[in-house]
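All remarks here apply to the structure that follows.
Any read-out appearing in this document is the output of simple, stated calculations on the displayed coordinates, not a laboratory observation. All figures in this text were calculated on a predicted structure; none of them were measured in a lab. Note that each Cβ is placed from the backbone with ideal geometry, even for glycine, and that neighbours are counted across all protein chains shown.
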Amino acid sequence: MADWKETYNDAVNQTLYDYNETRRLIDPDTTEGLKQVREAMIEAYTPNKLLAQKSFKAICLRQLDTVIVEKEGDSQQGGHILRVKARIPEIHSFLPIPTGPDDYTTLAFYPTFISPAGPMGEQVITPGSPIQVSFGNMTNFADPIFEGVYDIGSTTDSDSGAPNAPSSKESYDVNGRPAPAGGPAACESPCYVGVHEPYTGERIAWKRVETTKYKKGYGGLTLRKDSAERLQKVIAIVESYGGIITSSGGRRGLGAAVSPTRSKTSLHYTGRAMDLYLGSGMKDPKIDPYVIVLDESSPSGRLFRVYVAVDDGPQITLDAWTYKTPLTNKKVTVTRKLRDLTAIFKKHGFSRIPAMRSFMEKGNRLGAEWWHFQDITNLKRGTSTLGDELQKVWATSTLIKSPVWAYRNYVWKSYGFGK
């Protein structure tokens, strides 16, 4: 078995590894002495091979959150900006090896490669995928640029809504070597590959759902097809009353960052969950599209009920919460034409989840969770597993390289998957 450090530093970019036959030599018979010395020094200290290298093959360590940029006139193009932590083995051989995609301390040493803004759509770049990168400044490797992927697997939606077929190209571990089929035991060095059971069921297609673009929210989202069709029924009912459904997104990429307000086992990964736009409620209940109240009957005391403002509906007076309520204990009394959106979602298979204690006790806005609705149709408590649901929408070859796959044996509880 080869030494793992040797494996980790093997060349991926062959043009950097090969002997350079194009080196310019000095002719002592035709060049005077001082000029020879000057040219020799320039030749010795100029990294010719790297200057000639315009792009590099790198190994994805982790995909960071995608940034949405609004189009501003003709000077700035709007769209998605993808951000990826990646390793170029020939250049980053001196850096420590990440123990996994959640090893943030080590990942901080690596550059963040950024794509130009544009209509790239939602992409999932799993750890271990080979990608193409470059630098705006090749002299000191500044301005890292993400150029594309060699192998994403099933990542984006086609016009027909069917999942993309997995690429036939080889996938790699973080060391730049082809990922072994036998899981971690087959790795000669740390890699993000896991043992898995093959999935033989029929994969569910992705489907995009159009929503109302409100302020900085999205104009649509993507869910698994059956959940998307249930959501479309919710939207049809709400719009028939004169209300709107906003969006902060649906399906979440397998490489998306986990944080105290982002669950590592969220139904977003399975394509079953959607978020209303966070800025469409709890800002100013007198004009927001949604009015949010605390459901006093909930056992946890942390469940919110969401009402949607409509043209056709009863006048209702509510003591609405804002993002400041946990800190000020002040609510806003409003009287508006409203419909119970939580009840409409529930009728079509979607449930809510409790607010996090970080919001209820400290006012952390990202923990409010009033916006989150998830399709729990056919999920069986104590029986359904996260792995089962993931494999219904993602290729197994993609899943085994993702950090989410580590929790595949978690079972369905009341509001999510757990041990």
For Asp288, Asp312, Asp340, what's the fewest-to-most ordering of other Cβ within 10 Å of each Cβ?
Asp312, Asp340, Asp288
HN-Hα J couplings of segment 93-99 from phi, Karplus 6.51/-1.76/1.60, θ = phi - 60°, integer Hz, Gly and Pro as x?
5, 7, 7, x, 8, x, 7
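If I take R0 = 25 Å and measure r between the Cβ atoms of Gln132 and Asp102 in this structure, what FRET efficiency does the formula 1/(1 + (r/R0)^6) give, to the nearest 0.05? Please report the intermediate quantities before stating the final value.
Numbers: r = 25 Å, r/R0 = 0.99.
In this case the efficiency is close to 0.50.
Determine, for each peptide in 377-384, 352-359, 271-278, 107-114, the mean count of other beta carbons within 10 angstrom over its residues, then list the peptides with the highest first.
On the way: 377-384: 12.0, 352-359: 19.1, 271-278: 24.8, 107-114: 17.5.
The most tightly packed comes first, giving 271-278, 352-359, 107-114, 377-384.
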Given backbone amide H placed at 1.01 Å from N, residues whose amide H is under 5 Å from that of Ile125, ignoring those fewer than 5 places away on the same chain, are Gly255
Residue by residue through segment 224-235, which ³J(HN,Hα) values in whole Hz follow from phi under the Karplus form 6.51 cos²θ - 1.76 cosθ + 1.60 (θ = phi - 60°), with glycine and proline marked x?
5, 4, 5, 5, 4, 5, 5, 5, 4, 5, 4, 4
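Work out, step by step, the length gained on full extension between Asp312 and Val67: first 0.36 nm times the residue separation, then minus their alpha carbon distance; give nm to one decimal.
Net length gain for the segment: 84.5 nm.
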Theoretical gain in end-to-end length, Ala236 to Glu296 [0.36 nm per residue, Cα-Cα removed]:
18.7 nm
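Assuming R0 = 60 Å, what is the FRET efficiency of Ala406 and Ile287, from their Cβ-Cβ distance, to the nearest 0.05? Show your work: numbers first, answer last.
On the way: r = 44 Å, r/R0 = 0.73.
It comes to 0.85.
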In terms of modelled amide H atoms, which long-range or inter-chain residues lie less than 5 Å from the amide H of Gly148?
Gln132
Would you kindly derive the ³J(HN,Hα) couplings of segment 278-285 from the backbone phi angles with the Karplus curve 6.51 cos²θ - 1.76 cosθ + 1.60 (θ = phi - 60°), listing them in order in whole Hz, with x for Gly and Pro?
4, x, 9, x, 6, 9, 9, x
Find which of Leu276, Leu386, Pro314 sits farthest along the positive direction of the dipole of segment 206-418, computed with +1 on the beta-carbon of Lys and Arg, -1 on that of Asp and Glu, about the Cα centre.
Leu386
For Phe304, list long-range residues whose amide hydrogen, built 1.01 Å from N in the peptide plane, is under 5 Å from its own amide hydrogen.
Asp295, Ala355
Could you tell me what a quarter of the Cα convex hull surface of segment 261-310 works out to, in nm² with one decimal place?
4.9
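Based on Cβ point charges of +1 for Lys and Arg and -1 for Asp and Glu, what charge dipole magnitude is obtained for segment 206-418 about its Cα centre, in debye rounded to the nearest 20?
Numbers: 36 positive and 18 negative charges, 105 e Å.
Dipole size: approximately 500 debye.
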Surface/4 of the Cα convex hull for segment 206-418, nm²
11.3
